[in-house]
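Inspection log for the structure reproduced underneath, given as structure tokens.
The values are calculated or read from the model by the stated rules, or taken from the named source; none is laboratory data. Here the structure is a predicted model, which is why all the values come from computation and not from measurement. Because the Cβ atoms are built from the backbone with ideal geometry, glycine has one as well, and the counts that use them run over all protein chains shown. Please note that ligands, DNA and RNA were not included when accessible areas were found on the heavy atoms of the full protein model with its side chains. Shrake-Rupley method; radii C 1.70, N 1.55, O 1.52, S 1.80 Å.
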Amino acid sequence: RPDSTAAQDMMLGLDISLDDKVGAEHHAREVLRRNRNAPLANYVMGSLAIGRGQYNEAEAYLRKAADAPQPNVLALNDIAEVLRRTRKLDDAERYARLATEKAPEFYIVWETLGVVLMDAGKDAAEAEQCIVKAIELQKKSGAKSEDIRIYASLARAQLLRGDKKAARLSVRKVRPRISELNDFERREFEEIEKRVK
């Protein structure tokens, strides 16, 4: 039923779990034609816009999803990331902290908070603690492979704290799997890599 919110969310959820970006965009656009404020559809469109580097568009969609009465934690995390990339760091920190409160066992929200804190020039030790917590939570989650992005962020935190040796070890862990990083993440990692040599 096209007018059923539960059916729409289920279809979008399937698209997300299958990593079907084309299907997700198609279904999200259909949902938004009927309801411009549908949280999950706005999250999908915002996340796809991040992948294309369209940060203004991503922010517009993700704010609708993140500011909904019952925000999806992924929307909170992604709006924090977009705001970090566009240097709106106070807002980024607010959404990142909200994501950690809403889903304290979800590893990626801690990594996002850590990188936001680093970008904002906040306490490097707190940022590193957030990233270490993300690594621990991911290991507990039973995921098949480690999310290599976290180790790129860890290297950055270690470097900020002045521990070049530890940062070098983290960089070595990321290097063989650099293809798993998107363009933005790869550029950040390559900057870190230059600084630890």
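With contributions of -39500 (n - 2.57) from each DSSP H run of at least four residues, the per-residue ellipticity at 222 nm computed over the chain stands at -24000 deg cm²/dmol. Residue-wise HN-Hα couplings along segment 76-84, as the Karplus relation 6.51 cos²θ - 1.76 cosθ + 1.60 with θ = phi - 60° gives them from phi, are 4, 5, 5, 5, 4, 5, 4, 5, 4 Hz; Gly and Pro carry x. In a reduced charge model with +1 at each Lys and Arg Cβ and -1 at each Asp and Glu Cβ, segment 76-140 shows a dipole moment near 120 debye about its Cα centre.
Each 10 Å bin from zero holds the following percent of Cα-Cα pairs in the chain: 10, 33, 36, 16, 4, 1.
Couplings 3J(HN,Hα) of segment 171-180, computed from phi: 4, 4, 6, 7, 3, x, 10, 4, 5, 7 Hz, in residue order, whole Hz [Karplus 6.51 cos²θ - 1.76 cosθ + 1.60, θ = phi - 60°; x for Gly and Pro]. Relative contact order, whole percent, for segment 112-180 stands at 27, derived from Cα pairs under 8 Å and 6 or more residues apart. Here r is the Cβ-Cβ distance between ARG172 and LYS139 and R0 is 22 Å; the resulting FRET efficiency, rounded to 0.05, is 0.70. Solvent-accessible area assigned to carbon and sulfur over the chain amounts to 52 percent, based on a 1.4 Å probe. Taking all protein chains together and rolling a 1.4 Å probe, LYS64 ends up with roughly 90 Å² accessible. Across the options SER170, THR100, ASN182, the greatest Cα extent toward the positive end of the charge dipole of the chain (unit charges at beta carbon of Lys, Arg, Asp, Glu) belongs to SER170. For LYS122, no residue 5 or more places off, or on another chain, has a built amide H under 5 Å of its own.
Its alpha carbons give segment 111-170 an Rg and a Dmax of 11.1, 33 Å.
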